[in-house]
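To keep things clear, I will list the structure first and then write my remarks on it.
The values are calculated or read from the model by the stated rules, or taken from the named source; none is laboratory data. Just so it is clear, the model here is predicted, and its values are computed rather than measured. Methodologically, a virtual Cβ is constructed for each residue, glycine included, from the backbone with ideal geometry; neighbour enumeration extends over all protein chains shown.
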Ligand SMILES: NC(=O)c1ccc[n+]([C@@H]2O[C@H](COP(=O)([O-])OP(=O)(O)OC[C@H]3O[C@@H](n4cnc5c(N)ncnc54)[C@H](OP(=O)(O)O)[C@@H]3O)[C@@H](O)[C@H]2O)c1
């Protein structure tokens, strides 16, 4: 990837699902630092330590599954569904916006990029309709995150053992 970057074939290069431990090792040998680290982040898995580590090393976190994903079978692992969160839904209703818009706004206010996915044209459009959160609303969502640290997506299921150090 560094060779592609140096040859001008890639404007920037990044990584995905890299933990702090693995990034630390990589930073010792990399000649081109990754521009981004694409990782799971949402209020039920705020991933704050890794987010802060990335920022402190000039790596932009990119949030995948920012809406909590909820792939088929996911509930068996997580035992809760982000989109069903009562306080989050109440906040969205009070603001007159969708919960997805709230979740996207929360990620943007935390200063990283957010990657929501939808196969529904209307939802793709509404997800682009950015809203802003007051500091109070932002703090209320942070409170939902407190004590939550359960990963929803584990690439182990696809044969990649990337979080073994956790
Ligand atoms: N690097 C990695 O290891 C990794 C892992 C997982 C995901 N990703 C990437 O991250 C992106 C998003 O992740 P994801 O698909 O897992 O999760 P997500 O974006 O958190 O959630 C997608 C789900 O949310 C629904 N949704 C989207 N907009 C909505 C809205 N406005 N209201 C209600 N429901 C809404 C979608 O249903 P509809 O389609 O029916 O709208 C879909 O079921 C994808 O591009 C994916 O490729 C990367």
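Among the residues of the range 27-39, the ones that are under 17 Å from residue 161 (Cα atoms) and either more than 13 Å from the ligand (Cβ to nearest atom) or modelled with pLDDT under 95 (or both) come to 0 in all. Here is a check on your reading of the model: is residue 70 at pLDDT below 95 and surrounded by 15 or more Cβ atoms within 10 Å (Cβ to Cβ)? It is true that residue 70 is at pLDDT below 95 and surrounded by 15 or more Cβ atoms within 10 Å (Cβ to Cβ). Of the helices (runs of 4 or more DSSP H) entirely within the range 68-155, those holding at least 3 residues that are away from the ligand (no atom under 15 Å from the Cβ) occupy 86-95, 135-145. The C-beta contact set for the range 27-40 (first residue assigned to a loop (DSSP other than H, G, I, E, B), second residue within 16 Å of the ligand (Cβ to nearest atom), distance under 6 angstrom, 6+ apart or interchain) comprises 34/14; 34/15; 34/59; 35/14.
The requirement of being within 16 Å of residue 142 (Cβ to Cβ), touching a strand residue (DSSP E or B) at 6+ places or on another chain (Cβ under 9 Å) and buried (at least 19 other Cβ atoms within 10 Å of the Cβ) is fulfilled nowhere in the range 87-94; no residue meets it.
For the range 52-67, the tally of residues that are within 15 Å of the ligand (Cβ to nearest atom) and either closer than 17 Å to residue 141 by Cβ or not in a loop (DSSP other than H, G, I, E, B) (or both) stands at 9.
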